[in-house]
Amino acid sequence: MKNQAWNVKVFSMEKVLEFIKKKSLIQENDKIIIGVSGGADSVYLLRVLCLLREQMRLSLEAVHVNHQIRKEARRDQQFVENLCQELSVPCTVISANVQKMAKEQKLTLEEAGRKIRYEIFYERQKALGNAKIAVAHHKNDQAETFLFRIARGTGIEGAKAMKAADFPLIRPLLCMQKNEIQDELCTMGQDWMEDATNGDNTYARNHIRNQIIPLLEEVNEQAVEHISFLTEDLQEAFGCLEDIVQKQYQKIIHMENKQKRIDCEKLCRQPLWVQKQTIKRALEETAERKKDIEKRHVIEVLDLIEKETGKQISLPYEMTAEKSYQYIYLWKGEREKNHPLEGILRKEEIRDLSNILENDCIKIIDYDKIEKGIQLRCRRPGDFFVFHADGKKKSLNRYFIDEKIPRDLRDKILLAADGSRIVWIVGYRVSSYYKVSDTTTRYLKLEFKRGRGEV
């Protein structure tokens with residue numbers, strides 16, 4: 001970018017121009033679609049970009065969406081067309097039946113209007129190729145978005161509200177407050193159209209804009225400015241946190257047979273917030289969308305860490321998560337048929353138990369109880385398991401039935417076997433016969449690791 005392109009002094013537009021430069025929102029020769037409703041904000045944005053057009057050789061196109069709701073809609077459309085003609089900016093006008101969309105998709109008029117506007121903007125952006133979409137959100141809009149989201153429930157990601165650069169979207173006016181924009185338009189002698197629905201407080205955002213924010217400004221007249229500062233801080237902080245999550249995600253989650261394999265041990269080493277964000281991202285990627293992925297779904301997956309092998313939970317968009325040994329598997333729709341699990345069983349005689357933490361994949365047994373040697377395998381006819389200290393035993397098949405282990409999983413569960421005696425159902429429990437007691441003199445550590453072969 002050439003520095004001379006920014007040598008501009010017209011009113012205090014300098015504030016916006018400096019913001020555009022600081023955030024690297026616009027480069028020379030950019031194609032830019034401008035959403036122009038006819039209101040003060042979009043009219044001001046149009047004037048700013050027209051000011052830069054010649055100096056930065058920009059290609060501009062205005063897009064006006066007629067929602068066909070208000071009786072003034074035709075008047076606003078005509079105003080935008082006339083203004084664009086005066087400024088020599090091509091203008092595309094598209095009429096949309098917002099009321100029909102709202103009814104069909106069970107949305108509010110506010111939600112349907114926003115959805116259809118952005119669909120149109122992105123269609124034009126795709127048609128032009130590599131264009132940016134400039135929208136006229138300012139600091140007051142940022143404050144509304146922040147308050148709206150925290151009122152409805154959000155985390156850090158939602159509380160950071162809108163970014164200046166969210167390519168292809170750009171928001172060059174996020175450095176300005178509403179009154180600053182209107183003052184500048186008045187100084188220029190530039191008219192704009194007022195939307196009568198802005199005073200209708202049945203709309204959630206209007207309620208926040210017209211009633212909540214004025215109350216906050218009674219507490220502190222800089223409330224909007226301070227919320228803007230907070231969202232910037234949150235964006236910067238979240239950017240750092242995203243980098244951490246990205247690095248850990250690549251270590252913790254891998255694809256296997258078209259399903260995600262989550263390493264519980266590696267996941268649990270991370271701070272709880274990183275754990276939650278890692279699971280949230282895995283769910284969103286598997287679902288191929290973010291909507292309806294809630295905090296409770298993340299917690300349900302994390303809770304699986306403490307469950308036994310074979311435990312499953314159902315999630316939105318036909319997703320399923322299942323605990324399997326030291327992993328959680330996540331998939332969507334029908335699961336591909338699994339092959340028997342391969343693994344390595346490491347055996348080590350130990351003397352000091354103080355630093356050993358048993359879990360799904362590490363167990364300590366009485367070494368002297370072993371008769372034929374331990375083999376890692378799947379079930380065979382005649383296998384039995386001692387489930388009580390008094391020596392009561394049952395067939396392995398009966399144990400699986402009693403524990404409600406899915407039928408298709410039973411032949412895949414790995415066993416540490418001493419002949420027909422099952423020492424350890426990997427991922428489940430150790431036989432009572434082999435458990436350590438007060439009379440144990442030698443200890444054997446069994447550790448299961450996924451992989452090939454046996455040690």
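The values are calculated or read from the model by the stated rules, or taken from the named source; none is laboratory data. The shown structure was predicted, so the numbers you read here are calculated from the model rather than taken from an experiment. Here the Cβ is made from the backbone with ideal geometry for all residues, glycine too, and neighbour counts use every protein chain on show.
Points to keep in mind about this one:
- Cβ-Cβ distances below 8 Å connect the following pairs, each with a first residue in segment 255-275 that is polar (S, T, N, Q), a second residue that is surrounded by 14 or more Cβ atoms within 10 Å (Cβ to Cβ) and outside any helix (DSSP H, G or I), and a separation of six or more residues or different chains: N257/N338; Q259/Y329; Q259/L330; Q259/W331; Q259/R335.
- Selection status of K100, more than 30 Å from W273 (Cα to Cα), in contact with a helix residue (DSSP H, G or I) (Cβ under 9 Å, 6 or more places away or on another chain) and assigned to a helix (DSSP H, G or I): yes
- Check on S354, within 25 Å of L446 (Cβ to Cβ), surrounded by 19 or more Cβ atoms within 10 Å (Cβ to Cβ), of a type in the set (G, A, S) and not assigned by TED's automatic domain parsing to the domain that holds T154: no
Conditions (1) of a type outside the set (A, V, I, L, M); (2) closer than 25 Å to K258 by Cβ; (3) modelled with pLDDT of 95 or more; (4) not in a loop (DSSP other than H, G, I, E, B), marked per residue:
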position	(1), (2), (3), (4)
E336	yes, yes, no, no
L341	no, yes, no, no
N355	yes, no, no, no
P381	yes, no, no, no
A389	no, no, no, no
I413	no, yes, no, no
V423	no, no, yes, yes
T440	yes, no, no, no
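Residues checked against (1) outside any strand (DSSP E or B); (2) of a type in the set (A, V, I, L, M); (3) buried (at least 17 other Cβ atoms within 10 Å of the Cβ):
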residue	(1), (2), (3)
L174	yes, yes, yes
N201	yes, no, no
E225	yes, no, no
I244	yes, yes, no
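- Any hit, segment 268-285, residues being polar (S, T, N, Q), in contact with a helix residue (DSSP H, G or I) (Cβ under 9 Å, 6 or more places away or on another chain), modelled with pLDDT under 95 and not assigned by TED's automatic domain parsing to the domain that holds F400: no
- Considering segment 10-53, and only residues there that are on the phi > 0 side of the Ramachandran plot and among the polar types (S, T, N, Q), the residue that is surrounded by the most Cβ atoms within 10 Å (Cβ to Cβ) turns out to be S24.
- Comparison of I170, I150 shows that the only residue that is free of Cβ contacts under 8 Å to residues at least 24 places away in the same chain, aliphatic (A, V, I, L, M), closer than 30 Å to L107 by Cα and in the same structural domain as L109 (by TED's automatic domain parsing) is I150.
- Matching residues, segment 117-146, being surrounded by fewer than 21 Cβ atoms within 10 Å (Cβ to Cβ), farther than 19 Å from L25 by Cα and among the aliphatic types (A, V, I, L, M): I120, A127
- Residue check, K139 under 29 Å from N179 (Cβ atoms) and more than 24 Å from the chain's Cα centre (by Cα): yes
- Residue within segment 249-261 that is in a helix (DSSP H, G or I), buried (at least 16 other Cβ atoms within 10 Å of the Cβ), of a type outside the set (V, I, T) and within 15 Å of the chain's Cα centre (by Cα) present: yes
- Residue match in segment 296-307 (condition: exposed (fewer than 14 other Cβ atoms within 10 Å of the Cβ) and touching a residue at least 24 places away in the same chain (Cβ under 8 Å)): no
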